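Chemist: Just dropping this structure here.
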């Protein structure tokens with residue numbers, strides 16, 4: 001369950017404009033939801049609250065049944081490990097190979113080497129990087145880096161999967177493939193939230209949507 005109750009977010013010392021204001025909604029476990037709105041609407045800020053890199057300025061946020069504001073600091077890493085995130089800027093580690101970047105979530109979870117290798121290689125084949133295991137991220141194109149970021153986010157079968165414009169640097173065929181992967185994660189039980197500007201993807205994959213504009217929730221459904 002993800003639930004926001006009258007949530008507001010303000011950056012800096014409190015004198016900046018509100019990034020989000022009076023946002024309230026609930027996402028059921030195992031749901032798939034589009035996150036829509038123009039640039040500057042607050043989509044990335046909303047996702048950052050969901051993956052616990054920010055705390056709300058006001059209101060209540062519940063993620064996977066937990067209120068992070070009430071948890072002791074030592075409990076947050078375990079909750080974050082249940083959340084997969086595809087960032088707009090990829091956040092790949094340049095000193096690690098493609099394989100090791102994708103394997104990182106499983107290593108943090110303590111997965112055995114045999115299972116880790118099988119799961120990572122399968123996921124990299126799925127995203128079209130099965131022949132690039134030993135390359136470094138800087139040797140990949142922008143679209144390949146995006147696909148690696150998606151593989152890393154989903155390889156651990158997260159309970160909550162958040163994707164911020166995951167198809168932004170992909171061609172049409174690759175974009176459809178990535179949405180198919182996110183849909184498969186949804187079918188396997190993950191709660192999935194995907195921010196996008198692509199009306200075509202939304203039309204091809206109907207699902208409930210959160211629509212933001214200037215930091216306010218315009219609609220949910």
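Here, each number is a calculation from the coordinates, and none is a lab measurement. None of these values were measured; they are calculated from a predicted model. Every residue, glycine among them, receives a Cβ derived from its backbone with ideal geometry; neighbour counts consider all protein chains shown.
Chemist: Viscosity 1.306 mPa s, temperature 10 °C: Stokes-Einstein D of segment 1-81 from its Kirkwood Cα radius, in µm² per second? Don't jump to the answer; show the numbers that get you there.
Modeler: Numbers: Rh = 13.3 Å.
So the translational diffusion coefficient is about 119 µm²/s.
Chemist: Running Debye on segment 9-49 with equal point scatterers at the Cα sites and no solvent, what base-10 log of I(q)/I(0) appears at q = 0.16, 0.18, 0.19, 0.22 Å⁻¹?
Modeler: -0.50, -0.61, -0.67, -0.84
Chemist: Here's something else I'd like to know. If each residue's Cβ is checked for other Cβ atoms within 10 Å, how do 108, 83, 150 rank with the fewest at the top? All intermediate terms of the calculation are to be shown ahead of the outcome.
Modeler: Details: 108 12, 83 20, 150 27.
By the 10 Å Cβ count, ascending, the order reads 108, 83, 150.
Chemist: Moving on. Counting only C-alpha contacts under 8 Å and six or more residues apart, can you give the relative contact order of the chain as a whole percent?
Modeler: Values: 395 pairs, mean separation 66.2, N = 221.
Result for the chain is 30 percent.
Chemist: To test your reading of the geometry: what angle, between 0 and 90 degrees and rounded to tens, separates the Cα axis of helix 172-187 from the longest principal axis of the chain?
Modeler: Around 70 degrees separate the two axes.
Chemist: Now for a different question. I'd like the orientation of helix 98-109 relative to the chain: the angle between its Cα long axis and the longest Cα principal axis, in ° from 0 to 90, rounded to 10.
Modeler: 60
Chemist: Right, here's the next one. Once the cut-off is 19 Å, how many percent of the Cα-Cα pairs in segment 105-205 end up in the long-distance tail? Don't skip to the end; give the middle numbers.
Modeler: On the way: 2187 of 5050 pairs.
Of all Cα-Cα distances in segment 105-205, 43 percent exceed 19 Å.
Chemist: Turning to a different aspect of this structure: Calculate I(q)/I(0) for the chain by the Debye formula, one identical point scatterer on each C-alpha and no solvent, and give its log10 at q = 0.10, 0.14, 0.16 Å⁻¹ to two decimals.
Modeler: Summing over Cα pairs of the chain leads to -0.44, -0.87, -1.12.
Chemist: Rounding to the nearest 10 and keeping the result within 0 to 90°, find how far the Cα-based axis of helix 142-154 lies from the longest principal axis of the chain.
Modeler: Orientation of helix 142-154: about 80 degrees from the principal axis.
Chemist: Looking only at segment 39-53, which residues have a backbone nitrogen under 14 Å from a spot 7 Å from the Cα of residue 88 in the C-beta direction?
Modeler: 39-49
Chemist: Turning to a different aspect of this structure: Only Cα pairs under 8 Å and at least 6 apart count here; give the relative contact order of segment 1-121 as a rounded whole percent. Kindly include the intermediate steps, with their values, before the conclusion.
Modeler: Details: 127 pairs, mean separation 28.1, N = 121.
Worked out over segment 1-121, it gives 23 percent.
Chemist: What percentage of all Cα-Cα pairs in segment 173-221 are separated by more than 12 Å? Show your work: numbers first, answer last.
Modeler: Numbers: 829 of 1176 pairs.
When every Cα pair of segment 173-221 is considered, 70 percent fall beyond 12 Å.
Chemist: Would you list 73, 211 from fewest to most Cβ contacts within 10 Å? Walk me through the intermediate numbers first.
Modeler: Working: 73 7, 211 16.
Lowest to highest Cβ neighbour count: 73, 211.
Chemist: Still on this structure, please answer the following. Taking every pair of alpha-carbon atoms in segment 30-147, what share in percent sits in each 10 Å bin, from 0 to the bin with the longest distance?
Modeler: Pair shares across the bins are 11, 34, 34, 20, 2.
Chemist: Per residue of the chain, what 222 nm ellipticity follows from adding -39500 (n - 2.57) for every DSSP H run with n ≥ 4, rounded to the nearest 500? Mind dumping the intermediate values first?
Modeler: Values: 7 runs with 74 residues, N = 221.
Calculated from helices alone, the mean residue ellipticity at 222 nm is -10000 deg cm²/dmol.
Chemist: Next up: Considering only DSSP beta bridges with both partners in the chain, what is the antiparallel share in %, to the nearest 5?
Modeler: Working: 16 of 32 bridges.
For the chain, the DSSP antiparallel bridge percentage is about 50.
Chemist: More than 17 angstrom separation, counting every C-alpha pair in segment 22-68; what % is that? List each step's numbers first, then the result.
Modeler: Numbers: 378 of 1081 pairs.
For segment 22-68, the share of Cα pairs beyond 17 Å comes to 35 percent.
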